[in-house]
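S.K.: Next up is a structure, given as structure tokens.
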Amino acid sequence: MADGQVRCFTGCMDTTEEAKAVAEVAERLLRRFPHLPKQTVDDLVDQVHAQFEGRPIRDFVPVLVENIARSRLSALPVPRQASVDA
């Protein structure tokens, strides 16, 4: 195998497919954590996804991103509802 070549074990996801899958991860996490701001979820998904940059095997990156991001989002405190003064 030549330098820089990626070894495919399953279907070899291209960058467009990976980006779409990661966007779908963010959408699922937004539905699971509706109390969190969209920007918080998107930023965390982007941060986790960036951790896998340059890794040769890409097929499982969206699954790994979802699992790590879900774990980190679960650890965030639930924002308190603004109290309404009567």
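The values are calculated or read from the model by the stated rules, or taken from the named source; none is laboratory data. Source: prediction; values computed, not measured. FYI the Cβ positions are ideal-geometry reconstructions off the backbone, even for glycines, and counts take in every protein chain you see. Side chains are part of the model used for accessible areas, which takes the heavy atoms of the whole protein and leaves out ligands, DNA and RNA. Shrake-Rupley method; radii C 1.70, N 1.55, O 1.52, S 1.80 Å.
S.K.: Just to be sure I understand, how many residues within region 51-73 are in a helix (DSSP H, G or I), open to solvent by 70 Å² or more (accessible area, probe 1.4 Å) and in contact (Cβ under 8 Å) with a residue 24 or more places away in the chain?
M.R.: Going through region 51-73 one residue at a time, the tally reaches 1.
S.K.: Same structure, new question: Which residue is most open to solvent (accessible area, probe 1.4 Å), if the candidates are limited to region 31-50 and must be in contact with a helix residue (DSSP H, G or I) (Cβ under 9 Å, 6 or more places away or on another chain) and closer than 15 Å to PRO62 by Cα?
M.R.: Across region 31-50, the extreme among qualifying residues is GLN47.
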